[in-house]
Amino acid sequence: MTELAFVLGTVSEAIRLAPVIRACERYGVDHAVIDTGERRGEGFGRSVFEQFDLSEPDVTLDIGRGSDGEQTGMMLAEIERVLAEIAPDIVVVHGDANSTLAGAIAASKMDPEVAHVGAGFRSFDRLTPEETNRVAVDHVADYLFVPTDKNRWYLVREGITELRITVTGSTAVDALDRVRDSGRRERDVLDELGIAGNGVLLVSVHQRENVDEPDRFLSVLEGAARAGETRGLTVVYPVHPRARERLDRSGIDVPAGVRTIDPLEYADFVRLLSASTAVLTDSGCVQGEACVLGVPCVTVRNNTERAATTEVGANRLSQFDPDCVVRSVAEALDADAEWENPYGDGDAAERILDALPVNTGRREVVQQTRNAERSFSE
């Protein structure tokens with residue numbers, strides 16, 4: 001019997017669900033992984049599953065094409081077919097991708113319950129497809145695992161009962177802890193890039209609002225170049241495949257002060273981020289990771305679903321105008337760099353399994369530990 005079926009299709013989903021999948025393997029929870037192929041062409045080298053020492057997905061689809069509507073429709077049909085075959089008790093999704101929406105909707109029309117990991121994020125910008133996805137999934141999910149009390153409050157305000165909500169912290173912290181515990185060092189990445197000893201302004205920009213308009217894209221890059229020059233930082237931009245395609249198609253000349261490199265695998269990107277003086281991004285995931293790693297962040301967007309990062313002082317929003325970017329980077333670097341990590345202690349995956357009605361040896365291990373501690377104290 002399959003207890004949990006994980007539906008995912010992007011690198012981000014795979015990274016943040018990997019700790020939960022690893023916990024399933026560790027505690028003997030019967031599970032299956034369905035990869036929709038939503039972003040298979042991202043070109044990030046080794047599979048995320050390989051990087052986390054996980055088996056490759058049990059089911060691999062090929063739905064990495066089409067508009068949002070076309071892609072989601074094809075996913076719904078294929079995921080429904082697969083769920084009918086494997087008959088899981090619970091379908092687990094993460095975040096706000098098209099795979100997240102399709103997996104949740106398909107399961108909600110069938111027998112399985114739905115668990116949403118990374119629930120409760122809100123940018124309040126309903127023009128973005130990600131906001132539509134995350135709101136819809138939250139309202140069909142039976143189990144909502146939120147990183148912070150703020151995320152819980154957003155859901156309660158929308159009329160979702162607290163009985164469905166569990167505050168667990170973020171599985172991104174679990175993933176970061178695993179990377180930091182591995183053998184490769186930050187210095188190795190810096191040495192390979194030839195920037196050891198220099199301060200780094202890392203750029204991670206690929207959202208459609210910034211890269212689909214050539215003038216706006218160029219403005220962001222010019223702002224990064226000027227900010228780096230002003231503060232004596234080496235500006236490094238691992239170019240996401242989506243952004244690379246836009247650069248090539250529009251013929252943008254990347255400013256001389258911005259060093260572009262190929263995309264990095266997750267672990268090496270985290271090491272470069274951790275070693276950076278600051279990061280300029282439009283990625284919600286990078287905002288959260290920078291906050292946990294203690295790296296000042298500037299977000300080139302009008303809003304953010306990671307409100308906790310701005311509230312603790314780890315992140316600030318900037319317009320795409322070069323002057324705004326330069327000013328925001330300066331403010332980030334000159335601000336107090338000490339803040340409290342709002343996203344938990346790295347045990348989110350185990351809290352999620354504890355909250356789900358699955359057969360896990362973890363409960364026996366925890367009880368045995370408590371009994372041993374009680375006997376010792378007596």
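Of everything in region 18-41 that's of a type in the set (Lys, Arg) and under 20 Å from Leu76 (Cα atoms), which residue is surrounded by the fewest Cβ atoms within 10 Å (Cβ to Cβ)? Ranking the candidates gives Arg40 first.
Within region 257-280, residues that are among the basic types (Lys, Arg) sit with their Cβ atoms under 8 Å from residues that are part of a strand (DSSP E or B), at 6+ positions apart or across chains, in these pairs: Arg259/Thr234; Arg259/Val235; Arg259/Val236; Arg259/Tyr237.
From Val173, Val179, Val167, grab the single residue that is within 14 Å of the chain's Cα centre (by Cα) and β-branched (Val, Ile, Thr).
Numbers: Val179 fails: within 14 Å of the chain's Cα centre (by Cα); Val167 fails: within 14 Å of the chain's Cα centre (by Cα).
Criteria check complete, one pass: Val173.
Using the structure shown, decide if Asp89 is assigned by TED's automatic domain parsing to the domain that holds Ile63, more than 25 Å from Gly169 (Cα to Cα) and over 17 Å from the mean Cα position of the chain (by Cα). Criteria not met by Asp89.
Okay, residues lined up against (1) more than 29 Å from Glu50 (Cβ to Cβ); (2) aliphatic (A, V, I, L, M); (3) touching a Cys at 6+ places or on another chain (Cβ under 6 Å):
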{"position": "Glu222", "(1), (2), (3)": "yes, no, no"}
{"position": "Ala225", "(1), (2), (3)": "yes, yes, no"}
{"position": "Thr230", "(1), (2), (3)": "yes, no, no"}
{"position": "Pro238", "(1), (2), (3)": "no, no, no"}
{"position": "Arg242", "(1), (2), (3)": "no, no, no"}
{"position": "Asp248", "(1), (2), (3)": "no, no, no"}
{"position": "Gly257", "(1), (2), (3)": "yes, no, no"}
{"position": "Asp282", "(1), (2), (3)": "no, no, no"}
{"position": "Gly288", "(1), (2), (3)": "no, no, no"}
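Filtered by the rule that a residue be surrounded by 22 or more Cβ atoms within 10 Å (Cβ to Cβ), part of a helix (DSSP H, G or I) and within 17 Å of the chain's Cα centre (by Cα), region 306-351 gives Ala308, Thr309, Ala348, Ala349.
Among the residues of region 104-119, write down those that are within 15 Å of the chain's Cα centre (by Cα) and either part of a strand (DSSP E or B) or within 16 Å of His31 (Cα to Cα) (or both).
First, the residues of region 104-119 that are within 15 Å of the chain's Cα centre (by Cα): 116-119.
His116, Val117, listed by residue number.
The values are calculated or read from the model by the stated rules, or taken from the named source; none is laboratory data. The model shown is predicted, which means the values in this text are computed figures rather than measured ones. Positions of Cβ are backbone-derived with ideal geometry, glycine not excepted, and every protein chain shown enters the neighbour counts.
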